[in-house]
Amino acid sequence: MHHPWRRLFRERQLMKPNWYFELDMPEGGRDEFSPAPAMRNRLLGILHAFFSQNPHNYAVALPKERNRLRVFASSRDDLDKLVAYLTPNRWIRDYVRLSYPVSVETLSVKKWQSYCRYRIPTDKSDRKTGEEKGLLRQRRMKEARDKGMEFFIVHSKSTGQSYSFFINRIDGLPSGEECLPNSYGFSTTDKPFYLPEPS
């Protein structure tokens, strides 16, 4: 049986991280209730709405600066389309500064990283019973904390509920293959990809 992503590769050309630009927000603290993380959560939600309409075309990296997101695309035109979507948004105009697009070919890249969603099961999804119930969730929560994984709190329009997810940074090398970002722009465990970290 063929994986769905293999069929997508055959049907169309998927993205490669050839261009990027950065989105900066006001400085803030490092916990989820301080200005910068809360604003970054909102910004990711806005990007998610556009990414869902343009699947697999955009990838997101998390620079060390907690008030910044970096968005990659195959072409300058793809970034221009995203900018055209963002700029009419009043909240974006008031609180987010968009940098000038940069070609990855011009960079001195010090390393490559995958930003992979790290799934932590909910109590409802845990099928274990008795003493084993909740152990997997506890182990994964501990690993996320020990590794200092960043996380987002996002709001689902379809369910009306908010939920959080963690991002695991994994060092690696570019595979040369096309990327298959999810609807938030991140890598997945079954199809990881690596983005350049500018020096």
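The values are calculated or read from the model by the stated rules, or taken from the named source; none is laboratory data. Small disclaimer: the values here were computed from a predicted structure and weren't measured. Every residue, glycine among them, receives a Cβ derived from its backbone with ideal geometry; neighbour counts consider all protein chains shown. Remember, those area values only see protein heavy atoms, side chains included, never the ligands or the DNA or RNA. Shrake-Rupley method; radii C 1.70, N 1.55, O 1.52, S 1.80 Å.
Just a few scattered comments:
So that you can scan it fast, the table gives a plain yes or no per residue for (1) in contact (Cβ under 8 Å) with a residue 12 or more places away in the chain; (2) under 24 Å from residue 162 (Cβ atoms); (3) part of a loop (DSSP other than H, G, I, E, B); (4) of a type in the set (A, V, I, L, M, F, W, C):
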site: 22; (1), (2), (3), (4): yes, no, no, no
site: 57; (1), (2), (3), (4): yes, no, yes, no
site: 71; (1), (2), (3), (4): yes, yes, no, yes
site: 113; (1), (2), (3), (4): yes, no, no, no
site: 120; (1), (2), (3), (4): yes, yes, yes, yes
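- Of all residues in the range 36-55 being hydrophobic (A, V, I, L, M, F, W, C) and either touching a strand residue (DSSP E or B) at 6+ places or on another chain (Cβ under 6 Å) or open to solvent by less than 10 Å² (accessible area, probe 1.4 Å) (or both), the one that is farthest from residue 156 (Cα to Cα): 36
- Residue, most open to solvent (accessible area, probe 1.4 Å), within the range 84-111, restricted to residues that are in a helix (DSSP H, G or I) and touching a residue at least 40 places away in the same chain (Cβ under 8 Å): 105
- Residues in the range 56-66 that are within 16 Å of residue 152 (Cα to Cα) and surrounded by 14 or more Cβ atoms within 10 Å (Cβ to Cβ): 59, 60, 61, 62, 66.
- Of everything in the range 153-199 that is more than 20 Å from residue 101 (Cα to Cα) and of a type in the set (A, V, I, L, M), the residue that is surrounded by the fewest Cβ atoms within 10 Å (Cβ to Cβ) is 173.
- Number of the exception - residue 140 against (1) modelled with pLDDT under 90; (2) farther than 16 Å from residue 40 by Cβ; (3) exposed (fewer than 13 other Cβ atoms within 10 Å of the Cβ): (3)
- Enumeration of residues in the range 54-76 that are out of contact with any helix residue (DSSP H, G or I) (no Cβ under 6 Å at 6 or more places or on another chain), among the basic types (Lys, Arg) and at pLDDT below 95: 64, 68
- Single residue of the range 149-189 satisfying the filter (charged (D, E, K, R), within 24 Å of residue 19 (Cα to Cα) and not in a strand (DSSP E or B)) that is farthest from the chain's Cα centre (by Cα): 177
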